[in-house]
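Contents: one structure, followed by commentary.
The values are calculated or read from the model by the stated rules, or taken from the named source; none is laboratory data. Since the model is a prediction, treat every value here as computed from it, not as a measurement. Glycine gets a Cβ as well: all are built from the backbone with ideal geometry, and neighbour counts include every protein chain shown. Note: areas computed on protein heavy atoms with side chains; ligands, DNA, RNA excluded. Shrake-Rupley method; radii C 1.70, N 1.55, O 1.52, S 1.80 Å.
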Amino acid sequence: MDQCQNCTSASKQKNSFWENFKIKFHTFIFVLKFIPNWRVFWRFVKGYIRVNVFKKEQIRFVEIFVTLACNGRCPFCSNGKFTEQLGSLPLEKYLSLIDECAELNVPVICLIGGEPLLYPHLNKLIERINFHGISSMLATNGYLLTEEKTKELAKCGLTNVTISLHSMDEAAHNAIIGLPDAYGHVFKAKEYCEKYGISFQLACVAGHRDFTDGTFEKQIKFAEENKIRLSINPLIPTGYATAQKENLLTFEDVKRLNEASIHSDYVSTHLTNNFFGFGCPAGNAYLGINATGEIFPCFFIPISLGSVNQITLKEAWQKACQSPLFKRRHKMCYAGVSREFICNYMDPIFNFPHVPIPIEAHPLYNQSTPGLPDLKIDDVEKAAQNASSQN
């Protein structure tokens, strides 16, 4: 009996090894398009060695909110609770944050919003990112990306443009974004990017309905047939989407999404594009910086690790890595899958009058750790079933 159990355990480890190898291979193929030169490539190599050889943490991806203003009105916007706020950091502060990223060997910086094309100093940020040999990305709805602007950004050194496409149905996408002919602008932007040598990627948010009405299959098919990279995030009940818990992914949805991201060279999620393989990068390999200065462990979790006016990115990163929750690298996007996380970690945040909240103010914060405790249910199937059974 013990021998059988040992054989089963060895078989699982072998399968896990090859599955992780497969994920890393597809990740390499996926990100290769976003590596414009040897300087960026060398940052990726150093990060991979640090994580896989020396077994240390490494930030792979930093997102910087350059503005909270937006011309779109997506009903599931994760920034919905922020976009009513005004203001942004001074230009010099943004530039110094990019310098900090360079010191931490961050290989990719993504400029987001709101709508980042509304930010007046975008060119200067891209030039600074390019100066440090870091890959620069722009996450936009594409509506303001004219040919002239694309040419201008390419001259500054922009590596990638990622545009939201939430439905393959033109009218549906326009309705979601809340802008006339938003769908047409996406593909005009694609032409401009190809013309001026900027890599192009689509992004979408997937809820349970997308897996039942055929939208998910259409998006995957479109990406593969047209050889367009597609980044898919599960619906997260944060921001404007706090009232959409009935549309959370089920375990079957999660399996289909994972299969697509693992086996396709054109589909990815935040769980796949990591040095360590498959898992959640929140806090350990990812940081987000809000336009008002708060540093997030995750784009979708409005918890502040501190203000850039008070602590460095390295200090915020170290704080996040102290939390058992963020150290674990869970094999799921727990913000969109785990009912335990949504009920016990996420929902209490929105009981506060303003978000984000300091991590120390969270009801579950443990002073002795210090940080947020780990999930009790870490099995993806149980977490997702638990979610679907309570919504």
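Lys93 fulfils the conditions (1) in a loop (DSSP other than H, G, I, E, B); (2) touching a residue at least 40 places away in the same chain (Cβ under 8 Å); (3) surrounded by fewer than 19 Cβ atoms within 10 Å (Cβ to Cβ) except for a single criterion, (1). A residue that is open to solvent by less than 10 Å² (accessible area, probe 1.4 Å), farther than 17 Å from Leu235 by Cβ and touching a Ser or Thr at 6+ places or on another chain (Cβ under 8 Å) cannot be found anywhere in region 311-320. Of everything in region 34-57 that's part of a helix (DSSP H, G or I), open to solvent by less than 70 Å² (accessible area, probe 1.4 Å) and in contact (Cβ under 8 Å) with a residue 12 or more places away in the chain, which residue is farthest from Ser136 (Cα to Cα)? For region 34-57, the residue satisfying everything is Asn52.
Please go through region 102-111 and pick out each residue that is surrounded by fewer than 23 Cβ atoms within 10 Å (Cβ to Cβ) and touching a strand residue (DSSP E or B) at 6+ places or on another chain (Cβ under 7 Å). Correct list: Cys110 only. Would you call Phe350 of a type outside the set (S, T, N, Q), buried (at least 17 other Cβ atoms within 10 Å of the Cβ) and either under 23 Å from the mean Cα position of the chain (by Cα) or closer than 22 Å to Pro237 by Cα (or both)? Here the answer is no, as Phe350 does not meet what is asked. Assessment of region 186-195 against the conditions (of a type in the set (Lys, Arg) and buried (at least 18 other Cβ atoms within 10 Å of the Cβ)) yields at least one matching residue. Restricted to region 225-263, and to residues there that are open to solvent by less than 10 Å² (accessible area, probe 1.4 Å) and among the small types (Gly, Ala, Ser), the residue that is farthest from Ile342 (Cα to Cα) is Ser261. Does Ala291 count as buried (at least 24 other Cβ atoms within 10 Å of the Cβ), in a loop (DSSP other than H, G, I, E, B) and touching a strand residue (DSSP E or B) at 6+ places or on another chain (Cβ under 9 Å)? So Ala291 passes the test. Among the residues of region 206-224, those that are outside any helix (DSSP H, G or I) and surrounded by fewer than 20 Cβ atoms within 10 Å (Cβ to Cβ) comprise Asp213, Gly214. Of the listed requirements (1) modelled with pLDDT of 95 or more; (2) within 24 Å of Thr292 (Cβ to Cβ); (3) of a type outside the set (Asp, Glu), Leu375 misses just one: (2).
When region 184-195 is filtered for residues that are in contact with a Ser or Thr (Cβ under 8 Å, 6 or more places away or on another chain) and more than 16 Å from Thr162 (Cβ to Cβ), only Lys195 remains. Against the test of being surrounded by 18 or more Cβ atoms within 10 Å (Cβ to Cβ) and either touching an Asp or Glu at 6+ places or on another chain (Cβ under 7 Å) or hydrophobic (A, V, I, L, M, F, W, C) (or both), the options Gly142, Gly157 yield a single qualifying residue, Gly157. Is region 168-184 home to any residue that is closer than 30 Å to Leu249 by Cβ, among the acidic types (Asp, Glu) and in a helix (DSSP H, G or I)? Taking every residue of region 168-184 in turn, at least one turns out to be closer than 30 Å to Leu249 by Cβ, among the acidic types (Asp, Glu) and in a helix (DSSP H, G or I).
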